[in-house]
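Here is the structure we will look at, set down as structure tokens.
The values are calculated or read from the model by the stated rules, or taken from the named source; none is laboratory data. Since this is a predicted model, take the numbers as computed values, not measurements. As a convention, Cβ positions derive from the backbone with ideal geometry for all residues, glycine included, and neighbour counts pool all protein chains shown.
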Amino acid sequence: MKELSKYLAEEKFYKTVVEDGSDIIFIVDYNANIVYHNPSVKHTIGYNSLFGKCFFDFIHPKLLKSIKKAFKESTHLPYNSNIEFMFLCQDGTYKYLEFNSINLKHKDGIDALILDCRDISGRKKDQEELIKAQKTKEQFLANMSHEIRTPVNGIAGMVNLLTNTMQSKEQAKYLNAIKHSADNLKVIINDILDYSVIESGKVSLECIGFDVDYQVKSVINSLELQASEKKLTIRYNRKAGKATILLGDPVRLSQILINLINNAIKFTSEGEIKVSFSCSKKSETMATAKFEVEDTGIGISQNKLEHIFDTFKQADESITRKYGGTGLGLAISKQLVEMQGGSISVTSKVNVGTTFSFSIPYTIGSKMDLIHQPRDIVEANKKQKTPKFNGLKVLLVEDNDINRLYASTILRKWNCICDEAENGEIALELLRKNAYDLILMDVHMPVMDGLEATRIIRKSFPLPKKNIPIIAFTANAIKGEKENYIDIGMNDYISKPFIPDELHSLISKYYLATNVNTDIPEFKPPFSDLSYLKSISDGNEAFIQEITEAFINQTPSLMADMQEAIDKKEWVTTGDLAHKLKPNLTLLGINQVIELTQSIETDGRAIKNIDTLPKRVTCLTKAINQALKELKKV
């Protein structure tokens, strides 16, 4: 102890820690002027002396604002820590440092900070390498997805076309085998991609209103055909519980249920699959939704159960060979359940069956929170025949011959006029010469890809071609790509292999928009109907009054702006204002003018049929004024 006391008294400790230490020690006043630094400045960043210099003058410009903020916070705190910054070195490069601060004001009444700075260049390099490796992995998955999905799309597409032609029972059997093989391959690709996205932490969860009972039934309906092929039945049991409209992510719930029910169908050769749902309130605002998927299949031995949710694991390697799959479905399901704050478990008995149970907590919602279509509309849509797109001019840009043949055949069956291009450069040349209503644009192509072609269209082409709807038509299924495509200027996205009904639904949005009636209609009172608003608000009078008053107060100025745009022949602005008006018309039941408003929006933005546009705006204005008079009396 005497030796230690002597060591401290002779200030050897100070010399060892401060003068000879590897950390840079700065003392700076509250104006960031450097009044002291230790010799490590020379060893670490190359300067002999920085006395009298301003600390901020050496900070990288892109970090200066944040460091000034952190520095100011440090002057009000006794201690601060882990503040990262980049400091200019003697040789002109920047080095990553991190400081911990001690405020001398709190300790000795001096307006100054001690900054203990540590070189973290190695750590940052490791982080950058990790990010680089992650990006490389994601790019590999994107490329793999594209390279596998492209031929699978061709196979699935040709099978769909062939099934609509005359064929013998033997041919039908062969086609069915091809279809199942293609479907299995798609499942494997999706599992790998989903797992990668979850592992990277890039999954974002929705928080929207949905009817759980409706969601479960929809999943079961989609899998009933698959079950019936094995002569299995799926029974649904909804247990007592009032809270069925919840706030959460219905897509992820469906994904979990599809995985579990698919598994049950795969491993069950006879009997049935039973799906149960119950919902119990935890409080006035929260509920727990509980689900069970029970099968009468091969079961799982007890010593295998503990690994059932592991990545790339199945109960037995022979199962993979016999039944297929990646062993990722259950791992994905478990992670999705836990990401939503829930839990999942399994019980099983060999040759008797297996039961998967999971529960997820949700916020309780109301009818106002629902965003899906009313069920009667959904059911009605199912019964409708696929309508034709008579005369819709489509430019199909796709480099794969088989995929191009499949897509063009489908489009022509829908009465589209279809031109084809095998790369972006040819597509631009065709667009310069011809007018199109829609472009289906593949993303990965030789010579010029779809992204570059889209940039050129949006930047260099004149109106209305500049605003032509472009749908990304791609085998790249990595999550988050849709947002990237839309940022570049595309309007929508469909992944390959595509389902014809999905493509039809997507094109319908743009077909209806480009084929609205441009005649000047006659309208008869009443102009407004609040029944829809009352239904979605559950009769909430205060809410109805608030929405109505907002429309009454805001709409006159919007209509005045639209008339001014027409007077100035600012057609695109006119279309944009019509787009802004349209959602409120549906909400307030001003349904007679929706088609007229749609025509103004579409033709204004595309600068089409502008000879009748002023008359249509005048007609719309008169109808809106009548609706406003009615609403003021409500």
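Determine the pairs where a residue that is within 18 Å of Ile234 (Cβ to Cβ), located within the stretch 294-308, has a partner that is in a helix (DSSP H, G or I) and hydrophobic (A, V, I, L, M, F, W, C) with Cβ atoms under 6 Å apart, the partner being 6 or more residues away or on another chain. Pairs that qualify, where the first residue is within 18 Å of Ile234 (Cβ to Cβ) and the partner is in a helix (DSSP H, G or I) and hydrophobic (A, V, I, L, M, F, W, C), are Asp295/Ala264. Ser599 meets the conditions (1) of a type in the set (Ser, Thr, Tyr); (2) at pLDDT 90 or above; (3) within 21 Å of Leu463 (Cα to Cα) in every case but one. The failed one is (2). For the stretch 237-277, the set of residues classified as assigned to a strand (DSSP E or B), of a type in the set (Lys, Arg) and surrounded by fewer than 17 Cβ atoms within 10 Å (Cβ to Cβ) consists of Arg238 only.
For Leu430, are the conditions met, namely being within 21 Å of Asp401 (Cα to Cα), within 26 Å of the chain's Cα centre (by Cα), modelled with pLDDT of 90 or more and in the same structural domain as Gly391 (by TED's automatic domain parsing)? For Leu430, the condition - within 21 Å of Asp401 (Cα to Cα), within 26 Å of the chain's Cα centre (by Cα), modelled with pLDDT of 90 or more and in the same structural domain as Gly391 (by TED's automatic domain parsing) - is not met.
Scanning the stretch 409-426 for residues that are farther than 14 Å from Met441 by Cβ and more than 28 Å from the chain's Cα centre (by Cα) yields a count of 7.
Scanning the stretch 26-74 for residues that are β-branched (Val, Ile, Thr) and surrounded by fewer than 19 Cβ atoms within 10 Å (Cβ to Cβ) yields a total of 2. The residues of the stretch 455-487 that are surrounded by fewer than 16 Cβ atoms within 10 Å (Cβ to Cβ), under 17 Å from the mean Cα position of the chain (by Cα) and at pLDDT 75 or above, listed by number, are Asn484, Ile486, Asp487. Set side by side, the residues Ser22, Ser101 differ, and just one is outside any helix (DSSP H, G or I) and either surrounded by 15 or more Cβ atoms within 10 Å (Cβ to Cβ) or at pLDDT 90 or above (or both), which is Ser101. Among residues of the stretch 43-68 that are at positive phi and modelled with pLDDT under 95, those with a beta-carbon under 7 Å from a residue that is of a type in the set (S, T, N, Q) and not in a loop (DSSP other than H, G, I, E, B) at least six positions away or on a different chain give the pairs Gly52/Asn33. Flag not set for Val394, criterion: assigned to a loop (DSSP other than H, G, I, E, B) and among the β-branched types (Val, Ile, Thr).
A Cβ distance below 8 Å, combined with a sequence gap of six or more or placement on separate chains, defines the contacts here; from the stretch 336-351, residues that are closer than 13 Å to Leu257 by Cβ and in the same structural domain as Glu306 (by TED's automatic domain parsing) reach residues that are among the aromatic types (Phe, Trp, Tyr) and modelled with pLDDT under 90 in the pairs Ile344/Phe309. For beta carbons closer than 8 Å, sequence separation of 6+ or different chains, a first residue in the stretch 600-618 that is within 17 Å of Pro464 (Cα to Cα) and a second that is surrounded by 20 or more Cβ atoms within 10 Å (Cβ to Cβ) and of a type in the set (D, E, K, R), the qualifying pairs are Ile600/Arg616; Asn609/Asp603; Ile610/Asp603; Leu613/Asp603. When the stretch 433-454 is examined, which residues are found to be aliphatic (A, V, I, L, M), in a loop (DSSP other than H, G, I, E, B) and under 29 Å from the mean Cα position of the chain (by Cα)? Hits for the stretch 433-454 are Val443, Met445, Met448.
Do we find that Glu570 is of a type outside the set (S, T, N, Q), surrounded by 13 or more Cβ atoms within 10 Å (Cβ to Cβ) and not assigned by TED's automatic domain parsing to the domain that holds Asp369 in this structure? Yes. Looking across the stretch 106-144, the residues that are modelled with pLDDT of 85 or more and in contact with a helix residue (DSSP H, G or I) (Cβ under 9 Å, 6 or more places away or on another chain) come down to Ile110, Asp111, Ala112, Leu113, Ile114, Leu115, Cys117, Asp119.
Is it the case that Ser280 is surrounded by fewer than 17 Cβ atoms within 10 Å (Cβ to Cβ) and in contact with a Gly (Cβ under 9 Å, 6 or more places away or on another chain)? So Ser280 fits the description; yes. Can you confirm whether the stretch 610-633 contains a residue that is over 32 Å from the mean Cα position of the chain (by Cα), part of a loop (DSSP other than H, G, I, E, B) and at positive phi? No. Residues in the stretch 99-130 that are without any contact (Cβ under 8 Å) to a residue 60 or more places away in the chain and small (Gly, Ala, Ser): Ser101, Gly109, Ser121, Gly122. Going by the conditions given, is Lys582 in contact with a Ser or Thr (Cβ under 6 Å, 6 or more places away or on another chain), modelled with pLDDT under 90 and not assigned by TED's automatic domain parsing to the domain that holds Pro464? Spelling it out, Lys582 is indeed in contact with a Ser or Thr (Cβ under 6 Å, 6 or more places away or on another chain), modelled with pLDDT under 90 and not assigned by TED's automatic domain parsing to the domain that holds Pro464. Can you tell me which residue is nearest to Tyr511 (Cα to Cα) among those in the stretch 391-415 that are of a type in the set (Val, Ile, Thr) and at pLDDT below 90? Among them, the one singled out is Ile410.
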